[in-house]
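Everything on this sheet refers to the single structure shown next.
The numbers here are math on the coordinates, done by the rules we state, and not lab data. These figures come from a predicted structure and were not determined experimentally. All Cβ positions, even for glycine, are placed from backbone atoms using ideal geometry, and neighbour counts span all protein chains on display.
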Amino acid sequence: MKQYVVAASAAASMLFFANTASAHVTVLPAESFTGAWETYTIKVPVEKDVPTTKVAVKMPAGVEFEQYETVPGWTTKVDKSGKGTTVTWSTEGEGIQAGQFQRFTFVAKNPDKAGDVAWDAYQYYKDGSIVEWTGDEDSDSPHSMTDIVKSTTSGHSHGGAMDSHGQVKSDEADDDHDDDSKLPLTLSIVGLVLAVVALITSLRRKK
């Protein structure tokens, strides 16, 4: 019986910490590569009974902001100053309601040096309160972290490389291009095999 109680307590503790972690503002992916043009997504859950109407995220040192994805009903502002770049999403509408979350996506270039980068985020509620997600991992409001690891190839990106116009290129498009380039060779091989079979068949008939 004691073992069941311990197991139940452990399961409850894991569920509590999972729910607590999921309630934090997070920036994903949690791992990326040096020098990559990465597509990042900031996930903003609501912890209170009042809606969130604004969220701001500050680019870590060495991370270069490039572009953002528009979100219906939300206005995006990019503030570049001597203290770094801050991207703010705000709305005059109902905002993110209790029990909901919203995702905001942007593209940024990772630093060339490997290491952890911290995303300081600020969550604004409709009642005027602000939650600053700027603490370390042991704090009540930790900032999200991304581990930048050394890349052996240049231009690698979780969300696709950048083209000459600064747009994200899909990895699927590259795969399609590779498939298209292999098609003529495949058809040539098939045609050669069929020709050999036809020749052998013709020789046998003559015999």
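Here are a few things to note about the model shown:
- The phi-based Karplus calculation (6.51 cos²θ - 1.76 cosθ + 1.60; θ = phi - 60°) puts the 3J(HN,Hα) values of the range 30-39 at 7, 9, 8, 10, 4, x, 7, 8, 9, 9 Hz, whole numbers, x for Gly and Pro.
- The simple spin-label model puts a point 7 Å past each Cα toward its Cβ; for residue 77 and residue 147 those points are separated by 3.7 nm.
- The amide H of residue 66, built 1.01 Å from its N in the peptide plane, has 107, 108, 109 as neighbours under 5 Å, considering only residues 5 or more places off or on other chains.
- In terms of distances greater than 29 angstrom between alpha carbons, the cross-link table entries 54/80; 83/150; 80/113; 48/113 yield 48/113.
- Relative contact order (%) - criterion: Cα under 8 Å, at least six apart; region: the range 72-123: 24
- Length gained on full extension, residue 49 to residue 189, computed as 0.36 nm times the residue gap minus the Cα-Cα distance: 43.8 nm.
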